[in-house]
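Right, one structure below, let's go through it.
What follows is calculated from the coordinates using simple rules that are stated; it is not laboratory data. Nothing here was measured: the structure is a model prediction, and the numbers come from that model. With ideal geometry, Cβ positions are generated from the backbone for all residues, glycine too; neighbour counts draw on all protein chains shown.
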Amino acid sequence: MFRIGLEHQEDGKVVPVITTGSIVWGVLLRSAIIIFASFIFMSIIDNRKYWWLMLLLLWLFAAYPGWKQFQFYKEHLKEVSESTLCGQCIHFDETSQLCKLYDEHISEDYIPCGGVDWEPKTFEDKEN
Ligand code: SF4
């Protein structure tokens with residue numbers, strides 16, 4: 001839920017620890033837990049005066065960690081794009097850090113095609 005980290009390998013494959021999907025999932029899961037816990041807390045104390053606490057908790061434990069993860073992810077993605085062959089390839093999907101041709105995650109140490117299928121990005125791709 002609060003993961004921030006680099007990649008880890010399982011059976012020789014490289015899997016990113018955080019992706020945009022895992023960040024969004026983490027924010028939704030933490031928000032749901034906080035909202036659920038807040039309703040229970042409000043019903044126990046039977047006082048709706050402290051509703052703003054829920055907003056504070058949502059910011060502290062759901063939105064802020066998600067924002068920090070996204071900053072880390074963006075920085076990591078930029079490093080991978082700049083330091084690997086895949087970063088300049090037309091088949092590289094930046095949002096998921098995936099080679100679309102091989103349907104595998106790439107990293108600084110692992111290029112699925114070994115450079116054989118590399119195709120340069122077009123000028124329009126680089127602009128986006
Ligand atoms: S085709 Fe090769 S160079 Fe291009 S993204 Fe896939 S693994 Fe990387």
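A few points about this structure:
- At R0 = 30 Å, FRET efficiency that the Cβ-Cβ distance of LYS121 and SER22 yields, to 0.05: 0.70
- Extension gain (nm, one decimal) between GLU94 and TYR64, 0.36 nm per residue minus Cα-Cα: 8.5 nm
- Residue order, fewest to most surrounding Cβ atoms within 10 angstrom, among VAL27, VAL116: VAL116, VAL27
- The ranking of LYS74, LYS49 from fewest to most other beta carbons within 10 Å of each one's beta carbon is LYS49, LYS74.
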